[in-house]
Amino acid sequence: MEEILTAEAGQVLRNYQRARGGDIRKMDHRDLVFIMVDVDFFKSVNDRHGHPAGDRLLQLVAQRLSTVVRKSDVLVRWGGEEFLIMSRSTDPSGTPAFCSRVLEVMASEPFDLGHGVMVTKTVSVGWAAYPWSRGSFEAICAEESIALADAALYRAKALGRNQGVGIVATDAAGKNPEAINLPSVQEDNPPLARTIRTECSTNTTLGASHETTEPIDKTRA
């Protein structure tokens, strides 16, 4: 993943550097977007059903995520119950719609963990683009954009889970590159940064964690 990240971020940066001095706003931008996905209340599955059930849940979550990402995207496990999607050659303005799709697919039906255990789970999503500010494209590096996506993820959890949050640059950020630094934009401090929220459109309760245990037919092979 590190090699892919370095290569992709380098290509994006070179594209912007070549356009330096021109009207960057008119470029056909193909940026990177880093999207963090975290399973809500994952620990409850391990505590109640054991770690094998938790591992099975993560496998199923990865399978569902793979149905919504593009072939050009990169999907990896990012430690614990988190996943990272690196969306390549994309317009960041479409990310809220993508987050909505992720939220809906995850909450659409229960996960079958085997042995009669069915769990309904939601996820929280955080995202940030690279370059973070097109007008100040060298102010935040790709690794810092991932850190911003992680900060956005925890903001989504703090706001109630089962939703997406993006931390994006304002117009003022592009005009004040010297004022941009990771700590300030992580805190979503105006006038440099703003938050975009995406809520799940299904009827699933925010942060839902519903479980059912079906009787096991021991006569089956």
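Under 6 Å between Cβ atoms, which residue pairs at least 6 apart in sequence (or on different chains) link something in the stretch 79-94 that is modelled with pLDDT of 95 or more with a partner that is in a loop (DSSP other than H, G, I, E, B) and not hydrophobic (A, V, I, L, M, F, W, C)?
ILE85/ASP73; SER87/ASP73
What are the pairs with Cβ atoms under 8 angstrom where one residue, in the stretch 46-66, is polar (S, T, N, Q) and the other, located anywhere, is surrounded by 15 or more Cβ atoms within 10 Å (Cβ to Cβ)? Sequence gap at least six, or different chains.
From residues that are polar (S, T, N, Q), the pairs are ASN46/ALA53; ASN46/GLY54; SER66/LEU75.
Can you find even one residue in the stretch 23-40 that is in contact (Cβ under 8 Å) with a residue 40 or more places away in the chain, farther than 24 Å from ILE140 by Cα and either basic (Lys, Arg) or touching a helix residue (DSSP H, G or I) at 6+ places or on another chain (Cβ under 8 Å) (or both)?
yes
Which residue out of SER72, SER89 is on the phi < 0 side of the Ramachandran plot and of a type in the set (Ser, Thr, Tyr)?
SER72
Quick one: in the stretch 22-61, of everything that is of a type in the set (Val, Ile, Thr) and either over 18 Å from the mean Cα position of the chain (by Cα) or modelled with pLDDT under 95 (or both), which residue is surrounded by the fewest Cβ atoms within 10 Å (Cβ to Cβ)?
ILE24
Taking the conditions exactly as written (more than 15 Å from ASP31 (Cβ to Cβ), modelled with pLDDT of 95 or more and assigned to a loop (DSSP other than H, G, I, E, B)), does GLU109 satisfy them or not?
yes
Quick one: which of THR219, THR204, THR212 is surrounded by fewer than 18 Cβ atoms within 10 Å (Cβ to Cβ), modelled with pLDDT under 95 and part of a loop (DSSP other than H, G, I, E, B)?
So the residue among THR219, THR204, THR212 that is surrounded by fewer than 18 Cβ atoms within 10 Å (Cβ to Cβ), modelled with pLDDT under 95 and part of a loop (DSSP other than H, G, I, E, B) is THR219.
Would you mention how many residues in the stretch 119-133 are within 15 Å of ARG194 (Cα to Cα) and more than 13 Å from the chain's Cα centre (by Cα)?
Number satisfying all stated conditions: 2.
When you check VAL69 against the structure, is it in a strand (DSSP E or B) and either under 24 Å from LEU153 (Cβ atoms) or small (Gly, Ala, Ser) (or both), yes or no?
In short, no.
Among the residues of the stretch 115-137, write down those that are in a strand (DSSP E or B), surrounded by fewer than 24 Cβ atoms within 10 Å (Cβ to Cβ) and either of a type outside the set (Val, Ile, Thr) or out of contact with any strand residue (DSSP E or B) (no Cβ under 8 Å at 6 or more places or on another chain) (or both).
Once the filter is applied, which keeps residues that are in a strand (DSSP E or B), surrounded by fewer than 24 Cβ atoms within 10 Å (Cβ to Cβ) and either of a type outside the set (Val, Ile, Thr) or out of contact with any strand residue (DSSP E or B) (no Cβ under 8 Å at 6 or more places or on another chain) (or both), the stretch 115-137 yields only MET118.
Restricting to the stretch 138-151, and then to whatever is touching an Asp or Glu at 6+ places or on another chain (Cβ under 9 Å) and not charged (D, E, K, R), can you tell me which residue is surrounded by the most Cβ atoms within 10 Å (Cβ to Cβ)?
Going through the qualifying residues, I end up with ALA139.
Here's a check for you: in the stretch 10-21, which residue that is assigned to a helix (DSSP H, G or I) and surrounded by fewer than 16 Cβ atoms within 10 Å (Cβ to Cβ) is modelled with the highest pLDDT?
In this case the residue turns out to be GLY10.
The values are calculated or read from the model by the stated rules, or taken from the named source; none is laboratory data. Just so it is clear, the model here is predicted, and its values are computed rather than measured. Don't worry about glycine lacking a Cβ; one is built from the backbone with ideal geometry, like all the others, and counts go over all protein chains shown.
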